[in-house]
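Here's the structure we're looking at; comments come further down.
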Amino acid sequence: MDPSAGAPPAAAASALSALVAPVRFAVKDDFAGAGRLAGFSSTLRETVARARALGAPADAPLRGLLAEAERFDALAGEARRAALIRVAGHLAALVEVPREVAEAARLGTVKPPAPAAAPVPPPPWGPSVTLDTPLAALPGVHASPRGLLEERGRLTAGQALEFWPRAYQDRSTLRRIADLPVGQEGIVLATVQAVRQRRMRNGRAMLEVSVTDGSAPLGLVFFNAPPWKEKQVKPGDSLLCWGKVSEGFGARRQMTNPELERYQPGDSANFSRIVPIYPGPAGWQHPALRKVMKRLCDELAPRAPEDLPAPVLRRRALLGRGEALRQAHFPAAGTDLAAAAARATPAFRRLVFEEFFFLQLALARRRRGVKVEAGIAFDAGPGAVAAAVARLPFQLTRSQQKVLGEIARDMARPEPMNRLLQGDVGSGKTAVAFAAALLAVQSGWQAALMAPTEILAEQHVGTLRGWLQGSGIEVALVGALARGAAQKEARAAVRSGRARIAVGTHALLEESVAFKELGLAVVDEQHRFGVRQRASLIGKGTRPDVLVMTATPIPRTLALAFYGDLDQSKITELPPGRTPVETRLFGESQRKKVLDAVKAELEAGRQAYVVYPLVEESEKTDLADATTGAEKLARALAPHAVGLVHGRMKAEEKQAVMGAFRRGALKVLVATTVIEVGVDVPNATVMVVEHAERFGLSQLHQLRGRVGRGAEKSHCLLLAQLRQAGVDARERLDALCRTQDGFELARVDLKLRGPGELLGTRQSGQALLEVADLYRDEAILDEAREEAFALVEADPDLTAPGHRAAARALATRWAGRLSLAQVG
């Protein structure tokens, strides 16, 4: 009872106490019985009248009870809850009440939240702090968010500012608790009433915080709450709370594991604005991380140097770099959240443009540098080309002739050739490369052909020796030095110049391999080789011409972005006699259908491949799968002979198995992905891919290209664990079944996997493109390329005053990432 209120006589108090039981019933368990309190208006009126008759003074509490009686029975929901809070307050002022009624009464005395005293802001970072300052050296940065950034490779302030949000939340509008819709996220400003820590049945801690804003109560529940969480809040604190609203016990609104911040005047990183959500788990210290990022944006982003030339900024209507960084993390009020998450805002447009611009600037300078170097002017006129092509036992297609003409024109010029040759599986790139090699040989120079696998290198040697039979031109196979006398002889032939064409894998890069006069370097399946490996081969000559080839079609944007310094050629048609390959997808339960299809082809005199995945992380398991699979197939397909080839076999063993398959002695070849590239057996009409969901789209397309090389109809049968396959894997498999077009498949692959895997640089530890997206930002790439190439044309060395900042950025901030894109 409130001692300040006039106490009613004992008889009147006893009469009023009759209200305690129904009020307690209604308010306990978070007002669970409020809706079941019937006829309470009459009870109130009669009780007040009896108390008055027994001498209770007609003061405010009694008048308040009488006023509530006039309308109580007509009220429902939040209005009835509010009325009960008022009734509890009046009753508590008149008589002793139990704990539940007293707590309900206190809800009516909650005052509007008062802001906490403004904390003393940390001193601003001085001019010595720059974007290059390590996070560990920044004063006032807590170790926890700093550690999270450093784990992601963000060691400096500038690198932290390039840790881009993955999504955004609009926390700019406060809601009343009573207005929060269940199932949606919202933000409220409320006062803590009670804090309770308890143990759940499983022994884990649960923290319950009761808050209200005067419109309704709200429960905040924290599961597995650490001990410091309870100390973070206390009764009377004013809190900003953000979370998803659910319906708790007794129909009370509740937030589970919400984000909290003490309310205080000033600018908040976590509330009253659009806030960033960074990559990482949900409980990934986002509030603390945002505070660090907000300070970086406020204090250091304005110091970001402007690397783009001013005329480019004006022409393309781009934001300055500092403002773009700030808006990328903390967009202005009213920004479309979906556009921000899709990186389609003016801030991200600037950052995407910048990323493309410096990539293209590096390519433009490299391209210009190659063009002004002294190279070799080969005899590559029509007569020389005709003499080279005459060695081939077939006619080139129109597309092959066009591409060879482009290569010949490059080789005839005095500056070095740097050309990328694209051609789908089986399009005849090897024949074009052979003709180019003969142009070099006919002019008195040597040629080198580097292949990604020993099997392919051996096949190339066999093919080239067949085409050159009787010409007197020696072709050397350069393998591992450990193979003894034959390899020593091959190296000696290359070094002396007797061997005019050298074919090999990485062995060509060994120090013991030297050329007398290397004039042309051909790199087959170039994405299998790193930048340094290609440079090492080129370094074995005096700036030889370079032809890099790929059977993995490259989408236009990828080609512009990462091969923009190379001239490009495409073989767009297949040789006569190549037939489309029927591609079908099967689940594990349909394995018998696949085996029946293979048997039918074998009975018709054809041959088949069965390919298993092989990845480094599970190499032992994968080899076991392939070995076991070969044994099972040998029994299931008897009497047809089955052979096995994998990367751990000795070269002689692989050669023997592959030779038996080419001759037809083996009908089925079980293999890991060593047969992915270049193996040519026209009689093979079936390709079975085990665990197809584990392969990339370009790998599957390459494997499919191993069949369909003869006149007979061919089949690619994909066996997949469809239930375990993710959405991306299923999309890859469906795309392969849908189209034979390598360039369409490359676009799908680019969309699903990004440029890193397509270029073979995913393992580099650094992203090629951190903010730009080749699939989404093609128009911006075109603009950036136009500006970069125009700049290098006008100022090749970037020495003009307005271009020096771009030159510095190219040599420092962008140097590491751009090295991944080098080709020649």
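The values are calculated or read from the model by the stated rules, or taken from the named source; none is laboratory data. As the structure is a prediction and not an experimental result, all values here were calculated from the model. A quick note on method: Cβ atoms are made from the backbone with ideal geometry, for glycine too, and the neighbour counts reach across all protein chains shown. Side chains included, ligands, DNA and RNA excluded: accessible areas come from the protein's heavy atoms. Shrake-Rupley method; radii C 1.70, N 1.55, O 1.52, S 1.80 Å.
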**Complete:** Non-local residues with an amide H under 5 Å from the amide H of Ala684, with H modelled 1.01 Å from N and Pro and chain starts lacking one, are Gln607
**Under-5 Å amide H pairs with Lys570, H placed in peptide plane, nonlocal only** = Gln422
**Item:** Packing-based order for 625-633, 193-201, using average beta carbon neighbours within 10 Å, highest first
**Value:** 625-633, 193-201
**Request:** Taking volume of the Cα convex hull per residue in Å³ as the quantity of interest, determine which of [x] 218; [y] 230; [z] 171 was computed from the displayed structure.
**Result:** [x]
**Message:** With a 1.4 Å probe and all protein chains kept in place, how much accessible area does Glu510 have, in Å² rounded to the nearest 10?
**Reply:** 60 Å²
**Complete:** Expected sort for 720-728, 540-548 on mean C-beta neighbours within 10 Å, highest first, is 540-548, 720-728
**Request:** Please work out the FRET efficiency for the pair Glu299 and Arg368, using the Cβ-Cβ distance as r and a Förster radius of 51 Å; give the result to the nearest 0.05.
**Result:** 0.80
**Asked** Ranked highest first by the average count of other Cβ atoms within 10 Å around their residues, in what order do 423-434, 704-715 fall?
**Response** 423-434, 704-715
**Asked** Ignoring ligands, DNA and RNA, what accessible area per residue does the chain give at 1.4 Å, in Å²?
**Response** 44 Å²
